[in-house]
Amino acid sequence: QLFDWKTQPNKETVFALQYIMQTGYGSNFDDMYGHRSMFKEGQDMSDVELTSIKIYTKRDGSPVDWTTMPRRSDYPSEYEYGKVLVPWYENTFTDMDDRLHKNVILPGSLFLGKNDTYHKLYWPYQSYVNATPPPIRTTFTEIALIPWRKFVTTDSENLYREDGPTDNPLIRFADVLLMLAESINEESGPNSEVYNAINRVRNRAGLPNLPAGLSKDAMRNEIRLERFRELMGEG
């Protein structure tokens, strides 16, 4: 709800650039972050790096085992590779930090796009043009891309590709909590107030509390990782 134009601004909005769905007064998230399977086709000028995905953990705090990811060199074609790669994503990225699937569209995931139809992210795109559900089409169909879900409108909500209704939150409550944790940690180390602030952000994402007894340096690293996971794509 934090990034859905229908529920913006909300109680967690501290300061945001506010937009309306009108020429000259809207945001361009759908154009920049959106893909070609949206009602008003986005140009996905920004997509998500695989490095970013690797920062997220399971809900129990454990990392994803990336050594099990299929290797392209083991398959004779992109099509044969995609037949194992997409199921790997579908089976591997379950029970994750809630923010991952709310931020991005991973291979095998669905998106409610144009014609009020669910589209699926397959690989490669050309091999699935007649599939059901239909494929998510990106601007560069010959490149495997991970599109954004965050900030992007669904079905037929936005009438103007470059003038969408979605606000841009410059400061929101979770950001304040993480700044609080960071500043206190730098001043006096990871005391209870630091733990309480960062754990409030983690717990909402379905993650457990951080382990007790972290050093100042270790906590600094955890705060930076938490900022990345929570504020990903927000500038």
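The values are calculated or read from the model by the stated rules, or taken from the named source; none is laboratory data. Model, not experiment: these values are computed from the prediction. Cβ atoms come from the backbone with ideal geometry, glycine included; neighbour counts cover every protein chain shown. Remember, those area values only see protein heavy atoms, side chains included, never the ligands or the DNA or RNA. Shrake-Rupley method; radii C 1.70, N 1.55, O 1.52, S 1.80 Å.
Structure notes:
- Lone qualifier among K83, K102, K40, K54 - being open to solvent by 40 Å² or more (accessible area, probe 1.4 Å), touching a residue at least 12 places away in the same chain (Cβ under 8 Å), out of contact with any Asp or Glu (no Cβ under 8 Å at 6 or more places or on another chain) and within 21 Å of P134 (Cα to Cα): K102
- Just one of the numbered conditions (1) open to solvent by 40 Å² or more (accessible area, probe 1.4 Å); (2) of a type in the set (S, T, N, Q); (3) at pLDDT 95 or above is not true of N185: (1).
- Restricting the stretch 188-222 to residues that are aliphatic (A, V, I, L, M) and more than 27 Å from T13 (Cβ to Cβ), the residue that is least open to solvent (accessible area, probe 1.4 Å) is M219.
- Residue within the stretch 205-218 that is within 24 Å of E49 (Cβ to Cβ) and of a type in the set (A, V, I, L, M, F, W, C) present: yes
Condition check ((1) part of a loop (DSSP other than H, G, I, E, B); (2) modelled with pLDDT under 95) across all residues:
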{"position": "D31", "(1), (2)": "no, no"}
{"position": "R36", "(1), (2)": "yes, no"}
{"position": "K40", "(1), (2)": "yes, yes"}
{"position": "I55", "(1), (2)": "yes, no"}
{"position": "S73", "(1), (2)": "no, no"}
{"position": "G82", "(1), (2)": "no, no"}
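- Of all residues in the stretch 223-232, none are over 21 Å from H101 (Cα atoms) and open to solvent by 10 Å² or more (accessible area, probe 1.4 Å).
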